[in-house]
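J.: Submitted below is the structure of interest, expressed as structure tokens.
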Amino acid sequence: MAQTTTATTIAIPERSLFSWNRMWLGVGLLSGWYILVNLYERAFAFTKGLDYTSAEYQTYWMNLLLAELALEALAFIAVCTWLWITRDKNLENISPVEELRRYWNLGLFIVVYTVAIYWGASYFTEQDGTWHQTVIRDTDFTPSHIIEFYQSYPIYIILGVGSFMYAITRLPMFARAFSIPYAVLVGSPLMIFPNVGLNEFGHTRWFMEELFVAPLHWGFVAFGWGALAIMGVWLQACPRVYELMKQVYYGKTAASPTKVMDEPEKAADPIYCEV
Amino acid sequence: MNNVTSHWEKKIKKILYGLAAVIIGSSFSSVSFAVQGMGAKSQEAFLRMRTVVFYDTQFSFAPANRVKVGDEFSCTGKVMLMPTWPQEIPFSGISFFNFFVPGPQVLRKAIWVNEKYFQFNSVVLEKGGTYAYKMVLQARNPGTYPMGPMLSMEEAGPFIGPEEFLTIEGTRGGFTNPVKTLLGNTVDLENYGTARMITWTLLTTVVGIVWLVYWLSKPFTRRLGLVAAGRKDELFNPMDRQVCFLFTVGTIVLVAAAAMITKAQYPVTIPIQETKYYIKPLPPEPTLIQAEVTDATYDVPGRTLSFHIQIKNVGDKPVVLKEFLTANVRFLNPDIPGNNWNPSFPEVNGGPMKVSPSEPINPGETKTVEVSMQSAEWENQRLTMYHETTNRFGGLLFFTDPSGTRQIYAIADQIVIPKFGGTVGGGM
């Protein structure tokens, strides 16, 4: 028989548990970093980054490429490993307040992921279009690509996969069942990165013009649309969040974490949004 | 302990300020490209050798390569679209004669293709066709920049001609770009419409920001709580409805008013023109020879491209092979008197082209000659065909007779067998 928990004994949690500070910190660090990156591009893209075969190009751009790829691989492994090692092994007994707080953290995580996608798939991608209009097509490793493809895309991938790892290691609803919307939200923009390989192969082998609507670029758009799966993620999470809020703040009963882990699809029933 | 922390804080601050100063300082200092070109040699060899070949290119600023801001200069030359186009590169023929330079450092004032004047339109070109162009340009921003002619083809992308470095002297202040409109007004394209563009951009941005601030300033978590408490109807009050109405109607009125104001201020407009012009290729040059390349090899350790060509002289004067040109690299036959390298040539000097036997081909005679070019430029310019997915090369051979009559023979699709040398082991 499924367990239920009554909320009458639970005190109203401190507001500080639901602070925006981590999100602002993440968005601030990310945006501050990209502003610095943009200044670097303005200083050295045109002056040192036009001729792949020059020594300066190797110094200012290829070294940056190698460094960022290495750091990104390490960061990816570190984030996933840390989230896995520190996972909650006692999810069945998680308190409603703690579960609610983790949903809050997940929301903040996804906001930062969204901002990272904006920087990569919007700002730096638009910038790359401008680069192609201004400078002839050069190599797979133009200064613009070194920032766009090989820095901003991996960074949002790390954040996306990180948020997914956070959900499956800390939230009962996502711990045992596989959320397809969440997999699409993270996996679809992730696939833009391998699509870069196809894109560069195509530009090398077939030499499509750098026209944004060229069929070779359709993969970027289709995989980008996958980010709309965020609607599905919220649709799954919201009923449980409201159920927890009703328990924590209004003393109504909510399904226990054990029941949620056994039957996550029931916890995602929109009926819990009704009051 | 505090002193130590404070010391490190100061040190870190100092490093960060220094770094920021360097980056920001270099962002706004004048740029110089004197060390490197546009990097065209990074493009695939088969793309540069077998598609479009630029020749007879001349810049009016050579050999001084210095002009002042506002000075006009010209670039003239010819391009041949190779008769056998690589299958892996799309050919649409819809092309735009362009001028490459990193950023808007010069203005393109006018262009003629086969003596027909163009300013905006694309042209339709044919495979195997030769086209003469003349571009008139004007120096705009001070600095040193690589620049040269370029042909942009729809679907296929940009094809790059030879480049020169031009130093533009002076200051930008006072530079204007006056254009007379069809109504007889003169406008300066340097700033025409800029204020209007900035004003509307700011205005519409402010509308968006106000909308976001209105909604995002409402407490987010408390609103979630209202839903959980069953009071979701309270989320949207009469004031919110009025704001929504104001924004909906307001933006529609704003856009309609903007359209009416613009129409009133500019009553006469014409649509953007899409017309493409078909350009008839130049008539073929006099026929001196008939030729066929029979085989070609690239000696990897020796950096030597060699091929045999069977030549039949169909003219009435002796003919010699004077030059080979591919991917903006020229190889000259030193056995022809006066056939020397001119420093004002914008192409890369590939070195000597050895032709054996070196004697002229007499009228009616058919002879097979070996053409051999040993040069480090095959590597420097990344024209090493053995790295490519198609080991084929192309280029133009220039034949001439004693009267100076010239015939160009295009090698468009010749397979190349690489020779790796005896010391290179491994493999099958």
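J.: Exactly one condition in (1) of a type in the set (A, V, I, L, M); (2) part of a helix (DSSP H, G or I); (3) away from chain A (no Cβ under 14 Å) is not met by B:Leu47; state its number.
T.: Answer for B:Leu47: the failing condition is (3).
J.: In this structure, does A:Ala214 turn out to be farther than 19 Å from A:Tyr182 by Cβ, within 11 Å of chain B (Cβ to nearest Cβ) and aliphatic (A, V, I, L, M)? Before the answer, list the steps.
T.: Details: farther than 19 Å from A:Tyr182 by Cβ: yes; within 11 Å of chain B (Cβ to nearest Cβ): yes; aliphatic (A, V, I, L, M): yes.
Yes, satisfied.
J.: Among the residues of segment A:182-189, is there at least one that is hydroxyl-bearing (Ser, Thr, Tyr) and in contact with a Ser or Thr (Cβ under 7 Å, 6 or more places away or on another chain)?
T.: First, pick out the residues of segment A:182-189 that are hydroxyl-bearing (Ser, Thr, Tyr): A:182, A:188.
Checking the rest, the ones that are also in contact with a Ser or Thr (Cβ under 7 Å, 6 or more places away or on another chain) come to none.
Taking every residue of segment A:182-189 in turn, none turns out to be hydroxyl-bearing (Ser, Thr, Tyr) and in contact with a Ser or Thr (Cβ under 7 Å, 6 or more places away or on another chain).
J.: For residues that are within 14 Å of another protein chain (Cβ to nearest Cβ) and under 20 Å from the mean Cα position of the chain (by Cα), tally how many sit in segment B:60-87.
T.: 2
J.: Do we have A:Leu83 as in a helix (DSSP H, G or I) and without any contact (Cβ under 8 Å) to a residue 60 or more places away in the chain here?
T.: Values: in a helix (DSSP H, G or I): yes; without any contact (Cβ under 8 Å) to a residue 60 or more places away in the chain: no.
Here the answer is no, as A:Leu83 does not meet what is asked.
J.: Inside segment B:122-145, can you point out the residues that are assigned to a strand (DSSP E or B), within 14 Å of chain A (Cβ to nearest Cβ) and surrounded by fewer than 21 Cβ atoms within 10 Å (Cβ to Cβ)?
T.: B:Ser122, B:Gly143, B:Thr144
J.: Show me the strands (runs of 3 or more DSSP E) found entirely inside segment B:219-313 where at least 3 residues are surrounded by 10 or more Cβ atoms within 10 Å (Cβ to Cβ).
T.: So the answer is B:289-299, B:304-313.
J.: Looking at this structure, is B:Thr366 modelled with pLDDT under 95, open to solvent by 10 Å² or more (accessible area, probe 1.4 Å) and not acidic (Asp, Glu)?
T.: Values: modelled with pLDDT under 95: no; open to solvent by 10 Å² or more (accessible area, probe 1.4 Å): yes; not acidic (Asp, Glu): yes.
Judged against the criteria, B:Thr366 is not a match.
J.: Right, another one. Kindly check whether there is at least one residue in segment A:60-72 that is at the interface with chain B (Cβ under 7 Å from one of its Cβ atoms) and over 16 Å from A:His145 (Cα atoms). Explain how you work it out, then say what you get.
T.: Our first condition is that a residue be at the interface with chain B (Cβ under 7 Å from one of its Cβ atoms); within segment A:60-72, this holds for none.
No, segment A:60-72 contains no residue that is at the interface with chain B (Cβ under 7 Å from one of its Cβ atoms) and over 16 Å from A:His145 (Cα atoms).
J.: So A:Thr130 fits all but one of (1) of a type in the set (Ser, Thr, Tyr); (2) farther than 21 Å from A:Val233 by Cα; (3) surrounded by 14 or more Cβ atoms within 10 Å (Cβ to Cβ); what number is the exception?
T.: That leaves (3) as the condition not met.
J.: Then there's this: Looking at segment A:105-162 only, could you name the residues that are free of Cβ contacts under 8 Å to residues at least 12 places away in the same chain, under 18 Å from A:Asn195 (Cα atoms) and in contact with a Pro (Cβ under 8 Å, 6 or more places away or on another chain)?
T.: none
J.: Another one. Looking at B:Thr199, B:Thr171, can you tell me which residue is at negative phi, of a type in the set (Ser, Thr, Tyr), loosely packed, with under 12 Cβ neighbours inside 10 Å and without any contact (Cβ under 8 Å) to a residue 40 or more places away in the chain? Don't jump to the end; show me each part of the working.
T.: Numbers: B:Thr171 fails: without any contact (Cβ under 8 Å) to a residue 40 or more places away in the chain.
Going through B:Thr199, B:Thr171 in turn, the sole match is B:Thr199.
J.: Can I ask one more? Scan segment A:133-173 residue by residue and report those that are within 14 Å of chain B (Cβ to nearest Cβ) and either open to solvent by 30 Å² or more (accessible area, probe 1.4 Å) or in contact with a strand residue (DSSP E or B) (Cβ under 9 Å, 6 or more places away or on another chain) (or both).
T.: A:Gln133, A:Thr134, A:Val135, A:Ile136, A:Arg137, A:Asp140, A:Phe141
J.: Of all residues in segment A:196-225, which are touching a residue at least 24 places away in the same chain (Cβ under 8 Å), assigned to a loop (DSSP other than H, G, I, E, B) and hydrophobic (A, V, I, L, M, F, W, C)?
T.: Within segment A:196-225, A:Phe212 is the sole residue that qualifies.
J.: Please pick out the residue among B:Thr251, B:Thr275, B:Thr262 that is farther than 30 Å from B:Leu81 by Cα and touching a residue at least 24 places away in the same chain (Cβ under 8 Å). Spell out the reasoning first.
T.: Details: B:Thr275 fails: farther than 30 Å from B:Leu81 by Cα; B:Thr262 fails: touching a residue at least 24 places away in the same chain (Cβ under 8 Å).
Result of the check over B:Thr251, B:Thr275, B:Thr262: B:Thr251.
J.: Also, I was wondering about something else. Among what's in segment B:75-91 and is part of a strand (DSSP E or B) and open to solvent by 30 Å² or more (accessible area, probe 1.4 Å), pick the residue that is farthest from B:Asn328 (Cα to Cα).
T.: If we filter segment B:75-91 for residues that are part of a strand (DSSP E or B), which is where we start, we get B:75-81.
From what is left, the residues that are open to solvent by 30 Å² or more (accessible area, probe 1.4 Å) are B:76, B:78.
Working: B:Thr76: 15, B:Lys78: 12 Å.
For segment B:75-91, the residue satisfying everything is B:Thr76.
J.: Same structure, new question: Yes or no: B:Glu154 within 11 Å of chain A (Cβ to nearest Cβ) and among the acidic types (Asp, Glu)? Working first, answer last.
T.: Working: within 11 Å of chain A (Cβ to nearest Cβ): yes; among the acidic types (Asp, Glu): yes.
Yes, satisfied.
J.: On to the next question. Please enumerate the residues belonging to segment B:333-348 that are in contact with an Asp or Glu (Cβ under 8 Å, 6 or more places away or on another chain) and either surrounded by 22 or more Cβ atoms within 10 Å (Cβ to Cβ) or of a type outside the set (A, V, I, L, M, F, W, C) (or both). Before you say what the answer is, go through the steps one by one.
T.: Residues of segment B:333-348 in contact with an Asp or Glu (Cβ under 8 Å, 6 or more places away or on another chain): B:333, B:339, B:346, B:348.
Selection gives B:Asn333, B:Asn339, B:Pro346.
J.: Of these, B:Phe73, B:Phe46, B:Phe61, which one is modelled with pLDDT of 70 or more and within 23 Å of B:Gln381 (Cα to Cα)? Talk me through it step by step, then tell me what you get.
T.: Values: B:Phe73 fails: within 23 Å of B:Gln381 (Cα to Cα); B:Phe61 fails: within 23 Å of B:Gln381 (Cα to Cα).
B:Phe46 is the lone residue from the list that is modelled with pLDDT of 70 or more and within 23 Å of B:Gln381 (Cα to Cα).
J.: Would you please name the residue that is nearest to the other protein chains (Cβ to nearest Cβ), looking only at residues in segment A:225-235 that are open to solvent by 50 Å² or more (accessible area, probe 1.4 Å) and farther than 18 Å from B:Lys232 by Cβ?
T.: Going residue by residue through segment A:225-235, those that are open to solvent by 50 Å² or more (accessible area, probe 1.4 Å) are A:225, A:228, A:231, A:234-235.
When the remaining residues are screened for being farther than 18 Å from B:Lys232 by Cβ, the result is A:225, A:228, A:231.
On the way: A:Trp225: 23, A:Leu228: 20, A:Met231: 17 Å.
The extreme case among them is A:Met231.
J.: Residues that are at pLDDT 95 or above, small (Gly, Ala, Ser) and closer than 26 Å to B:Ala62 by Cα: does segment B:295-307 have at least one?
T.: no
J.: Please work out which one of (1) touching a residue at least 24 places away in the same chain (Cβ under 8 Å); (2) assigned to a helix (DSSP H, G or I) is the condition A:Ile168 fails and give its number.
T.: Single failed check for A:Ile168: (1).
J.: While we're here: Looking only at residues in segment A:239-275 that are open to solvent by 50 Å² or more (accessible area, probe 1.4 Å), within 30 Å of A:Leu190 (Cβ to Cβ) and assigned to a helix (DSSP H, G or I), which one is nearest to the other protein chains (Cβ to nearest Cβ)? Let's see the steps before the verdict.
T.: We begin by selecting, within segment A:239-275, every residue open to solvent by 50 Å² or more (accessible area, probe 1.4 Å); these are A:249-250, A:252-253, A:259, A:262-263, A:265-266, A:269-272, A:274-275.
Filter once more, keeping what is within 30 Å of A:Leu190 (Cβ to Cβ): A:262-263, A:265-266, A:269-270.
When the remaining residues are screened for being assigned to a helix (DSSP H, G or I), the result is A:262, A:265-266, A:270.
Values: A:Asp262: 24, A:Glu265: 21, A:Lys266: 19, A:Pro270: 12 Å.
Taking the candidates together, the pick is A:Pro270.
J.: Condition first: of a type in the set (Val, Ile, Thr) and at pLDDT below 85. Now tell me which residues in segment B:381-428 satisfy that.
T.: Our first condition is that a residue be of a type in the set (Val, Ile, Thr); within segment B:381-428, this holds for B:384, B:389-390, B:400, B:405, B:408, B:411, B:415-417, B:423-424.
Scanning segment B:381-428 gives B:Thr384, B:Thr389, B:Thr390, B:Thr423, B:Val424.
The values are calculated or read from the model by the stated rules, or taken from the named source; none is laboratory data. Predicted, not measured: the structure shown is a model, and the values here were computed from it. Every residue, glycine as well, gets a Cβ built from its backbone with ideal geometry; the counts of neighbours run over all protein chains shown. Only protein heavy atoms, including side chains, enter the accessible area calculation; ligands, DNA and RNA are left aside. Shrake-Rupley method; radii C 1.70, N 1.55, O 1.52, S 1.80 Å.
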